[in-house]
Amino acid sequence: MGFWRGFGYRSRARRMADFLRSGMEDLDQARKDADAVAKAAADAVLLAAADAAAEAKKVAANVILLQQAADAAAAAAVADAATAASTPVHNKVGVFENNGTSTVSGTTVTVNLNTGNFFEMDLQGLSGNVTTFTISNATQENNMVSCFIVKIIQGTSTTTRNFTWASIVSNGTNIDWSGGAGPDITTGNDKVDILSFTTYDKGTTWYGAPVGQEFY
């Protein structure tokens, strides 16, 4: 009887040990499962961060490309506007040119070829004969020619003015005339002379010629 009692004690102890061993194994497996879940979550966070960084880089690249495209479009628009401003306008009844910007002040007259190829100047605003004739923005392209025409209005008979061609040359604008001497401007109230100027060497030398004089 004592033997069976002792056997029963040992059997319960073994069962208890098996139960504890099984619990420890379950606990260890749970710990491993928890570690795997944590690692998977960390990997997912890293993957999401990498995807977000790649997407941000792509967006930044697209912004740069859009800005470059906008800058190129703006530059093209400016160039087109400049070309349109200096290009003759064609229609069914002829060709039109821009009447460019000129100035008259003191003893100086100016023309700006960026604004057109035809100019008008009234000499009544001068304080004396013209001694400086400034011609700006002749083409600097090789094998290109710049030319323009000026309508000169004498003004009233009490303020008769002339162009002193020798002084104009000495002041930096080299103008050659057929026969060597430039024309005198017609005197008389509001008399009109029309002169043309052409350069073949980017403005170093201009060739002047009367288109007509003493228009009323």
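Summary of values
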read-out: Scan of the stretch 177-203 for residues that are without any contact (Cβ under 8 Å) to a residue 40 or more places away in the chain and surrounded by fewer than 15 Cβ atoms within 10 Å (Cβ to Cβ), ordered by number; value: SER178, GLY179, GLY180, ALA181, ASP184, THR187, GLY188, ASN189, ASP190, ASP201
read-out: Whichever residue in the stretch 112-152 is of a type in the set (Ser, Thr, Tyr) and closer than 14 Å to ASN162 by Cα and, among such residues, is modelled with the lowest pLDDT; value: SER127
read-out: Which numbered condition ILE168 misses (of (1) in a helix (DSSP H, G or I); (2) exposed (fewer than 13 other Cβ atoms within 10 Å of the Cβ)); value: (2)
read-out: Residue within the stretch 94-115 that is in the same structural domain as GLY172 (by TED's automatic domain parsing), of a type outside the set (Asp, Glu) and in contact with a Lys or Arg (Cβ under 6 Å, 6 or more places away or on another chain) present; value: no
read-out: Condition met for ASN62 (loosely packed, with under 10 Cβ neighbours inside 10 Å, out of contact with any Pro (no Cβ under 7 Å at 6 or more places or on another chain) and either at pLDDT below 90 or not hydrophobic (A, V, I, L, M, F, W, C) (or both)); value: no
read-out: Condition check for PHE163: within 21 Å of GLY128 (Cα to Cα), crowded, with 16+ Cβ neighbours inside 10 Å and modelled with pLDDT of 95 or more; value: yes
read-out: Top-ranked residue of the stretch 145-171 - restricted to ones that are without any contact (Cβ under 8 Å) to a residue 12 or more places away in the chain and of a type outside the set (Val, Ile, Thr), ranked as farthest from GLY212 (Cα to Cα); value: SER170
read-out: Residue check for ASP43: part of a helix (DSSP H, G or I), surrounded by 10 or more Cβ atoms within 10 Å (Cβ to Cβ) and modelled with pLDDT under 85; value: yes
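The values are calculated or read from the model by the stated rules, or taken from the named source; none is laboratory data. Model, not experiment: these values are computed from the prediction. No Cβ is skipped: glycine too gets one built from the backbone with ideal geometry, and neighbour counts run over all protein chains shown.
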